[in-house]
Amino acid sequence: MRVLPLLLFCFAVWAGESKEKTKLPSRRSDLERGEKLYQGHCALCHGTRGDGGRGPSLLRRRLTRASDDAALVKVIEEGINGTEMPGASQMSPREHRQVAAYVRSLSRVPATPVPGDPKRGEQLYLGKGECAGCHAINGKGGTLGPELSDVGDRRSSAYLRASITDPEADVPRSFLQVRVVAKSGRTITGERLNEDSFSIQLRDYSGNLHSFLKQDLAEIHRDRGKSPMPSYKDKFTGTELDDLIAYLVSLREAK
């Protein structure tokens, strides 16, 4: 009969320790240290002011992958599996909390409104831009380009604009264009899917899969920094670009 009270007591102690462990510091010196760590480790992707870039904007009260302080500290420490967000295991637990405290302080900074009409942007995406031929949203569309269902959570409006007007300015690290030339002279260009010491697999820009033994190839070219996506700088007017970006920014993870 005494076991239940003991378990409840232990749970209360554990919960208190867990809460204390993830309690974010609030002293000015901690926030200053958190900002310094942020600028050194996070600003490259999330922007020097937290307004986003390759990573999402942090100027929001609710972060999709970090709804509470404990989750935020965990994301900073461990990263997010399957994404470009790395963990900061080189930091101490206190430094994780200092960075988290600074990130939370950014939620008080007003985000810059995104101009444009999302509804018109959706029509441009489906029509004039022919974007659905390569990109999928909620399972509908092509598979050659990155999936965009939650791109508004993952990319800032500035990054999206740069990607649309100059696709090779920042090609995703996970993407590598390769050109292989068979001994027969046949050349195939596409995205590398896998490669080891003896073989290479790629998907060409028509969506066809290919697998080659390297001994059967005359040449392999790894075109780092190259993208099959064309620039839309001259295809869209300034207003149309605003509309398209407004639509992409509106694409968020379902709550």
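Read-outs throughout are calculated quantities, based only on the coordinates presented, and are distinct from any laboratory measurement. These numbers were taken from a predicted model, which means no experiment stands behind them. Heads up, the Cβs are rebuilt from the backbone with ideal geometry, glycines too, and the neighbour counts pull from every protein chain shown.
Listing for the model above:
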{"item": "At most 15 other Cβ within 10 Å, DSSP loop - GluC sites (Glu not before Pro), the stretch 201-255", "result": "253"}
{"item": "Nearest 10 degrees, 0 to 90: helix 93-106 Cα axis against the chain principal axis", "result": "80 degrees"}
{"item": "Leading residue at positive end of dipole, the stretch 116-191 (Cβ point charges), from 189, 135, 158", "result": "189"}
{"item": "FRET E, pair residue 237, residue 209, Förster distance 51 Å, beta-carbon r, rounded to 0.05", "result": "0.85"}
{"item": "Ranked 231, 197, 92, criterion: other C-beta atoms within 10 Å, fewest first", "result": "197, 92, 231"}
{"item": "Ascending count of other beta-carbon atoms within 10 Å, so fewest first, for 45, 131", "result": "45, 131"}
{"item": "Cα-centred dipole magnitude for the chain, charges only on beta-carbon of K, R (+1) and D, E (-1), debye, nearest 20", "result": "680 debye"}
{"item": "Per-residue ³J(HN,Hα) for the stretch 34-43, Karplus 6.51 cos²θ - 1.76 cosθ + 1.60, θ = phi - 60°, Hz, x for Gly and Pro", "result": "x, 5, 4, 5, 4, 4, x, 10, 10, 5"}
{"item": "At most 16 other Cβ within 10 Å, DSSP loop - GluC sites (Glu not before Pro), the stretch 107-183", "result": "130, 147"}
{"item": "Span from the the stretch 56-126 Cα centroid across to the the stretch 139-185 one, whole angstrom", "result": "21 Å"}
{"item": "Other-chain or far-sequence residues with amide H under 5 Å of residue 223's (modelled H)", "result": "177, 178, 179"}
{"item": "The chain - mean residue ellipticity at 222 nm from DSSP helices (-39,500 (n - 2.57) per run, n ≥ 4, rounded to 500)", "result": "-11500 deg cm²/dmol"}
{"item": "The stretch 177-223: radius of gyration over Cα atoms, expressed as a fraction of 2.2 N^0.38 Å", "result": "0.99"}
{"item": "Degrees, to the nearest 10: 69-78 long Cα axis against longest axis of the chain", "result": "50 degrees"}
{"item": "Highest average packing first - 221-227, 187-193, Cβ atoms within 10 Å", "result": "187-193, 221-227"}
